[in-house]
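Below is one structure, written out as structure tokens; comments come after it.
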Amino acid sequence: MATGVQWNLITPEQAREHQVQQRQVRGAQAVRVRGLTRRFGEREVLKDLDLDIAPGEFVALLGASGCGKSTLLRILANLDREISGTVDVAARRAVAFQAPRLMPWKKVWHNVVLGLPGRQDRTKAIAALEEVGIGHRADVWPKVLSGGEAQRASLARALVREPDLLLLDEPFAALDALTRIKAQSLVAELWQRHRCAVLLVTHDVEEAILLADRVLVMKDGVLAHEETIAMSRPRNVASAQFGRIRANLLGWLGVHQPH
Amino acid sequence: MTDDIAVINTAFGQVAASNTGAIGTSARRQGILRERIKPVSASTKGVPRWLRRASGPVLVVLVWHLASVTGLLPKEVLAGPATVVSSAANLIATGELQQAMWVSLMRALVGLAIGGSVGVTLALCAGLFRLGEDLIDATMQMLRTVPNVALIPLLIIWFGIGEAPKIALIALGTAFPLYLNVYAGIRNVDSTLIEAGRTLGLSRAALIWHVILPGALPNALVGLRYSLGIAWLALVFGEQINATAGIGYLMANAREFFQTDVIVVCLVVYALLGLAVDFTVRTLEKVLLSWRPAFNGT
Ligand SMILES: Nc1ncnc2c1ncn2[C@@H]1O[C@H](COP(=O)(O)OP(=O)(O)O)[C@@H](O)[C@H]1O
Ligand SMILES: [Mg+2]
């Protein structure tokens, strides 16, 4: 019965230790990972992995399905602590998953401000929802939202926390092509405005090149390749440079295209 | 990438084209078998639904009435509807019926309140704390297999023949369905939502309040329904124990004097009280579970 309802309490000392750990990060990188290893049984999904993300940097993480991208992101989100190695990560961070994971029993705006300290601030929630373009959906149940709207609400819920680090786990993977394009440009726009560091896990090479400052390719539990995207924004998918980067990254992912 | 898609598209195109060549043309020559899809509004036209639903019970009462008027159904076996209505009016006029109803309803509610709070409290302890689960769950799973009615002799020995054994019987009966359902509800809360709650920085208490308890609510209400059903059953059994007030008492008295009309009145009252309580739970569900995607009651 491992539903995750019951879990071990953190002792106050552990909590304080944790805070100290997080305070050390301030002023330096948003993410600093050294020698991170995660095993599931005998299998090492992450092997001695190193990762740095600068404040305000947009990093995309590519990799074949099952290679450990979500595992890494869950560790950075402090959802998985059965690890070895050092993981320093911004204390103010927010996560958006592939599924929106809105609480179905809370109206959309309640979902947005859930967990914020202090009173439930409706104006704050509305402002965040306006920013992602669904201010008019504040007072409905999550069940009536379309897939794209729900994902926007989930983004609003992440951004309202004013994070230094935004962790996105394939947030557009379940959206239809048209909605996905809109959501991608929304994320680009929001990132320009908020200037938080972003780690975007994706399996869409074009999406990674469109959005990121730096693209990482994960393979066999390590970051096998790193590609800095020097193109100016907004980026043109049809340009020659884009095509070259894409072919190169696809090569690293084991996909070889003709010509 | 776009090239791949194009290839797939033409492949599908070819399959589709060859299909129409082989089967499509012969079907088209004979005309295609079609059916008309009826709009919902058309299929429910005619007699209103409530009228159709009411016709069954009305027919039963009618047959019952005819049978007793013609003497086919003797009064000693079962009084006719007319007699039942008049004796109900009598009982209401003297205030006997209201008082009996009140006493019975109170018994059921007090029993439910006691049993329900015990069941819910134990479920919270077992669902939220590992220690609680280890201590409580096995015991509850063992005890729940004992039929409540089989406990009546013990309850009489422990509590005598006053109000206490009746209420204890109801409390015992209602505690288990609530325990089982609330516990299952807590254990089955979507773990991805719990994770999401943790990434939002919810404390343990906030997580329980904002995520786990609302998530367990649908199951809890199912438990409440079962409990109410059992409370009613336990009430009927309990009131057979030397009652001095309540519907059961009214019934026991009627039995002494072969007043089948009064017995029928009491049965109807049991049924009506049950319906009323069920209606209350339905309303509660409508209000509390309107967020549910599966819920279409409103
Ligand atoms: N809780 C778990 N228990 C056992 N194996 C797991 C668990 N979570 C993930 N894995 C395994 O770890 C590997 C990486 O998973 P994941 O990080 O989800 O991949 P992805 O890169 O597609 O996000 C997969 O092979 C998966 O089977
Ligand atoms: Mg994944």
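The values are calculated or read from the model by the stated rules, or taken from the named source; none is laboratory data. Everything numeric in this text was worked out from a predicted model, so none of it was measured. All Cβ positions, even for glycine, are placed from backbone atoms using ideal geometry, and neighbour counts span all protein chains on display.
A few points about this structure:
- Of the numbered criteria (1) of a type in the set (A, V, I, L, M, F, W, C); (2) touching a residue at least 60 places away in the same chain (Cβ under 8 Å); (3) away from ligand 1 (no atom under 16 Å from the Cβ); (4) not in a helix (DSSP H, G or I), the one A:Ala158 fails is (4).
- A single entry from B:Thr260, B:Thr280 fulfils the requirement of being in contact (Cβ under 8 Å) with a residue 12 or more places away in the chain, of a type outside the set (Lys, Arg) and away from chain A (no Cβ under 14 Å): B:Thr260.
- Consider segment A:163-179 and keep the residues that are away from ligand 1 (no atom under 16 Å from the Cβ) and under 14 Å from the mean Cα position of the chain (by Cα). The one that is surrounded by the most Cβ atoms within 10 Å (Cβ to Cβ) is A:Leu166.
- Selection within segment A:71-88 - hydroxyl-bearing (Ser, Thr, Tyr) and over 15 Å from the mean Cα position of the chain (by Cα): A:Ser84, A:Thr86
- Residue in segment B:67-84 that is farther than 30 Å from B:Gln259 by Cβ, among the hydrophobic types (A, V, I, L, M, F, W, C) and either assigned by TED's automatic domain parsing to the domain that holds B:Ala254 or at pLDDT below 85 (or both) present: no
- Within segment A:103-121, the residues that satisfy the criterion of being at pLDDT below 95 and among the charged types (D, E, K, R) are A:Arg119, A:Asp121.
- Residues within segment A:48-97 that are among the aromatic types (Phe, Trp, Tyr) and within 16 Å of ligand 1 (Cβ to nearest atom), tallied: 1
- Selected residue (only one of B:Leu217, B:Leu221 is more than 9 Å from chain A (Cβ to nearest Cβ) and over 27 Å from A:Arg81 (Cα atoms)): B:Leu221
- Of the residues making up segment B:198-220, those that are among the aliphatic types (A, V, I, L, M) and part of a loop (DSSP other than H, G, I, E, B) number 2.
- A:Arg81 vs. criteria at pLDDT below 95, in contact with a strand residue (DSSP E or B) (Cβ under 8 Å, 6 or more places away or on another chain) and not aliphatic (A, V, I, L, M): no
- Just one residue in the set B:Leu233, B:Leu128, B:Leu228 is surrounded by fewer than 23 Cβ atoms within 10 Å (Cβ to Cβ) and facing chain A (nearest Cβ under 10 Å); that residue is B:Leu128.
- Single residue of segment A:57-76 satisfying the filter (part of a strand (DSSP E or B) and modelled with pLDDT of 95 or more) that is nearest to ligand 2 (Cβ to nearest atom): A:Leu61
- Considered as a group, the residues in segment A:134-176 that are more than 12 Å from chain B (Cβ to nearest Cβ) and of a type in the set (D, E, K, R) include one that is nearest to ligand 2 (Cβ to nearest atom), and that residue is A:Glu170.
- Every residue from segment B:197-235 that is among the hydroxyl-bearing types (Ser, Thr, Tyr) and closer than 30 Å to B:Ile247 by Cα: B:Tyr226, B:Ser227
- Residue, nearest to the chain's Cα centre (by Cα), within segment A:89-109, restricted to residues that are more than 9 Å from chain B (Cβ to nearest Cβ) and surrounded by fewer than 20 Cβ atoms within 10 Å (Cβ to Cβ): A:Gln98
- Enumeration of residues in segment A:35-46 that are closer than 11 Å to A:Ser84 by Cβ and either basic (Lys, Arg) or away from ligand 2 (no atom under 16 Å from the Cβ) (or both): A:Gly35, A:Leu36, A:Thr37, A:Arg38, A:Arg39, A:Glu44
- Screening segment B:66-151 for helices (runs of 4 or more DSSP H) wholly inside it with 3 or more residues that are within 20 Å of the chain's Cα centre (by Cα) returns the ranges B:96-128.
- Among the residues of segment B:172-196, those identified as among the small types (Gly, Ala, Ser), more than 7 Å from chain A (Cβ to nearest Cβ) and buried (at least 22 other Cβ atoms within 10 Å of the Cβ) are B:Gly173, B:Ala175, B:Gly185.
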